[in-house]
Amino acid sequence: MKTGRLRTFEVDGNRVLAHFENQEIEVTILTPELIHVFVPLKRQEQESRAVEGEKAIPVTFSAKQEARMAVICTEAQMTEARGIATGVQKARERITAAGALRLELGEDLHFCVTDEEGRELLRTWDGERTISNALSERQLQLIEAEGHDVSHMRKENYPVQLVCRLEEEDCFYGLGDKPGFLNKRDYEYENWNTDNPQAHTEQFRALYKSVPFLICKRKELSCGLFFDNSYHSYFDLGKENPDYFFYGADDGNLDFYIIGGGSIASVIRNYTYLTGRTPLPQLWTLGHQQSRWGYDCAEDFLEVARKYREEEIPCDVIHFDIDYMDHFKVFTWDEAAMGAPGAVVKTLGEDGFKVATILDPGVKKEDGYFMYEEGKEQGFFALDVDGEIYVNEVWPGDAVYPDFGRREVCDWWSGHEKFLLDLGVAGIWNDMNEPASFRGQLPADVVFSNEERTTDHAEMHNLYGHCMSKAAFEGLRKYSERRPFVITRACYAGTQKYSTVWTGDNQSLWSHLQMMIPQLCNLGMSGFAFAGTDIGGFGEDATPELMARWVEAACFSPLFRNRSAKSTRRQEPWQFGEKITAIYRKYVTLRYEFLPYIYDLFYQGEQSGLPIMRPLVLHYEDDPNTYNLNTEFLVGENLLVAPVVEPGAVVKMVYLPEGVWYDYWSGKAYEGRQYVCCDAPLDVCPLFIKAGSIIPTYEPVAYVGEKPYDKLFLLTTPGAAEYTHFQDNGEDYAYQRGEYNLYQFIKDEKGSLTVRMEQEGYPRYKEIVVKQVAI
């Protein structure tokens, strides 16, 4: 970027305004470890859908000019977290900055970032972009003529671009739901929310979500970069040239955040402080959930529910796909197939099942249909360049698209959610909100809004699912006292404040089971603590073995939902015979036993931003064996899950990191920092608990709320341990008013347990039972 030389700079509060010959650059010090760099290439105003509320805290820093550079140095400080802080305003209380950054900003936006010890975090690339082993234009044309996409093989500088030096040992994590493996080094990706029905493989550059947040792990420390630009953008992480990595965008501003912290956990903490943290969900949302596109009538849902109870497989939620609506029209009910509005929801509720209903953004273009008439009258739909309502096609046929970038449109949409809540619906499932369309992608020039400003689809495409999810969240929040349960397929950075996510339309393939682990781990590190995949795969036909291994692998994923497509083999566990049904029952029951541990991790994550499902590298950054570990994960810090993800395998090679680890099934102890070979017949998923652990568990139930959780079991391993356990009603926001308990459990080397109450505002357990992993 040709900014020219630095002329002068000025300091205004937390801001440093650097005047270069050809460009002004604004640097804002938000915290000692968070620096915002804003280069107004398109417009002067700073706008963000991801970052809400004031994030700057009082910071001590210096700014001076040295050798044609602006040098900005923050000072380390500590801000203590105070109790349970939730919401945008109180988020500022949860930052615990412990480090400092030094930014040297020079000519043509060349910069270097170091920590307080002078260790380099980031440095821009001084040369030009050059493709390694580049092909000639004639060769590219020949390849293109055969039908291959060669757009990524041509070097084109983007209107918005930042190129940084790449070191040999660098690893990359984050970026949301991108397919492939855990470490994104040597791959390229695009941020353009995409509904692609083909089987997702590692060469896919874009899927349903755009989360332009990157964690760079260097030899000694880690840092983050967040590019807050919603236009079509690109990451190349060493594929084009092993000497550098780059970010590029087709339009917009160069608007990015340098995120320090030193460790991956601290980078995630700082990033989620910036963009928001996953709120504490209702407890039942962590239970087992069942969905199928293909339950066509009320009897289908009732039969599935009856069978789950008969088979004694716990289940809390049944999802209603598009067939519950009248001709796929949102906020309607197909009475011919589903009976009186809400009747089947009530019947399911009497047996302990919650219902979540799907909503698609496409509104049927039909005269007399209330949603179409209201939206048309009030000007709530996107327009074409001629000022006419833009029409494409989705499930209901010709359809129009609400302009969710406008507050009044979101209020209108969320107001109609009351119809579903009044029927007893407990959750909203947003789908097709990339936005998807059947007659080709929406043109870039379709007219949308970004708040009060008129803009186009090119800017709002990646924000569409985010805005729709926020509308759904706010509707549920307005019309119910319970914590909202929203699921979305498409989203942007920061959507984690409003919605859980799933990885979209996967397939019943072993490669997709394998991809589940790195995909959910990267989503978790990108702020999306509440995420899952469709158990068994959405498309194609699951085999009995694949279904067994998938439920074992997904048992500890935050969102735990079995889902399949209308054109595929049904995937309820009993469809695969008694052997698979027994395995399925075993792991769903195990999930319900571990619910208080998973719930505790959500409570902790509301404070720290850390996910529930974690790659081993997050806690063992000094161990190179963890950097590319794709087939196992941690749940919190103390539970290690190593699923079998290959057909026919009955043994599993498991890497155990530093420490002593106990086999959950046998109690056998293993020293860490080594691979161990574990027997893993079809009904066994290797699980290990770290020495010095306390993990809370419950007696399993058919569904959350079947009976009171008045007894807590503490699963322990040898060694001294401490653990903080959170207890509340699991439903509403009373905990924010102090109606919760915090137990501090302390176990000494001899196994003696001490219980302290750090907070008491809710009825205590009637009994606490200590049990140890079998030895």
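The rows are residues; the columns are (1) open to solvent by less than 10 Å² (accessible area, probe 1.4 Å); (2) in contact with a Cys (Cβ under 8 Å, 6 or more places away or on another chain); (3) not in a helix (DSSP H, G or I).
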| position | (1), (2), (3) |
| --- | --- |
| 441 | no, no, yes |
| 467 | yes, yes, no |
| 476 | yes, no, no |
| 484 | no, no, yes |
| 501 | yes, yes, yes |
| 505 | no, no, yes |
| 521 | yes, no, no |
| 527 | yes, no, yes |
* **Pair list, Cβ under 9 Å, 6 or more apart: segment 156-177 residue without any contact (Cβ under 8 Å) to a residue 12 or more places away in the chain, other residue in a strand (DSSP E or B)** => 156/248
* Please specify each residue of segment 692-717 satisfying the condition of being of a type in the set (Val, Ile, Thr) and outside any strand (DSSP E or B). => 701, 704, 717
* Asked: Is at least one residue of segment 597-604 under 21 Å from residue 518 (Cα atoms), touching a residue at least 40 places away in the same chain (Cβ under 8 Å) and open to solvent by 30 Å² or more (accessible area, probe 1.4 Å)?
  -> no
* Restricting attention to strands (runs of 3 or more DSSP E) lying wholly within segment 155-244, give those where 3 or more residues are of a type in the set (A, V, I, L, M, F, W, C) and under 23 Å from residue 131 (Cβ atoms). => 160-165
* **Residues (open to solvent by 60 Å² or more (accessible area, probe 1.4 Å) and in a strand (DSSP E or B)) located in segment 755-767** => 755, 756, 758, 760, 767
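Across segment 634-651, which residue is surrounded by the fewest Cβ atoms within 10 Å (Cβ to Cβ) among those that are among the small types (Gly, Ala, Ser) and more than 17 Å from residue 557 (Cβ to Cβ)? Break it down stepwise before answering.
Here is the first cut: in segment 634-651, the residues among the small types (Gly, Ala, Ser) are 636, 642, 648-649.
Filter again for more than 17 Å from residue 557 (Cβ to Cβ), leaving 648-649.
Numbers: 648: 7, 649: 14.
It comes out as 648.
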* Asked: Quick one: is residue 49 in contact with a Lys or Arg (Cβ under 9 Å, 6 or more places away or on another chain) and modelled with pLDDT under 95?
  -> no
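What number of residues in segment 15-56 are touching a Gly at 6+ places or on another chain (Cβ under 6 Å) and touching a residue at least 40 places away in the same chain (Cβ under 8 Å)? I'd like the intermediate steps shown before the answer.
In the first step, residues of segment 15-56 are kept if they are touching a Gly at 6+ places or on another chain (Cβ under 6 Å); the result is 20-22, 33, 42, 50.
Filter once more, keeping what is touching a residue at least 40 places away in the same chain (Cβ under 8 Å): 20, 33, 42, 50.
The number of residues fulfilling the criteria is 4.
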* Only one of (1) surrounded by fewer than 21 Cβ atoms within 10 Å (Cβ to Cβ); (2) basic (Lys, Arg); (3) touching a Ser or Thr at 6+ places or on another chain (Cβ under 8 Å) fails for residue 292. Which number is that? -> (1)
* **The one condition in (1) open to solvent by 10 Å² or more (accessible area, probe 1.4 Å); (2) touching an Asp or Glu at 6+ places or on another chain (Cβ under 7 Å); (3) closer than 26 Å to residue 483 by Cβ that residue 593 fails to fulfil** => (2)
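Does residue 735 qualify as being hydroxyl-bearing (Ser, Thr, Tyr), open to solvent by less than 60 Å² (accessible area, probe 1.4 Å), touching a helix residue (DSSP H, G or I) at 6+ places or on another chain (Cβ under 8 Å) and touching a residue at least 40 places away in the same chain (Cβ under 8 Å)?
no
Would you kindly identify the strands (runs of 3 or more DSSP E) lying entirely within segment 335-400 that contain at least 2 residues that are under 33 Å from the mean Cα position of the chain (by Cα) and surrounded by fewer than 17 Cβ atoms within 10 Å (Cβ to Cβ)? Spell out the reasoning first.
On the way: elements: 354-359, 392-394, 397-400.
So the answer is 397-400.
Can you tell me which residue is least open to solvent (accessible area, probe 1.4 Å) among those in segment 15-32 that are assigned to a loop (DSSP other than H, G, I, E, B) and more than 22 Å from residue 229 (Cβ to Cβ)? If you could, list the steps in order and put the result at the bottom.
Start the filter on segment 15-32 by keeping residues that are assigned to a loop (DSSP other than H, G, I, E, B), which leaves 21-23, 32.
Narrowing further to those that are more than 22 Å from residue 229 (Cβ to Cβ): 21, 32.
Values: 21: 88, 32: 0 Å².
Among them, the one singled out is 32.
The values are calculated or read from the model by the stated rules, or taken from the named source; none is laboratory data. As the structure is a prediction and not an experimental result, all values here were calculated from the model. When we count neighbours, we look across all protein chains shown, and the Cβ atoms used for this are built from the backbone with ideal geometry, even at glycine. Each accessible area value is taken on the protein alone, full model and side chains, heavy atoms only, with ligands, DNA and RNA left out. Shrake-Rupley method; radii C 1.70, N 1.55, O 1.52, S 1.80 Å.
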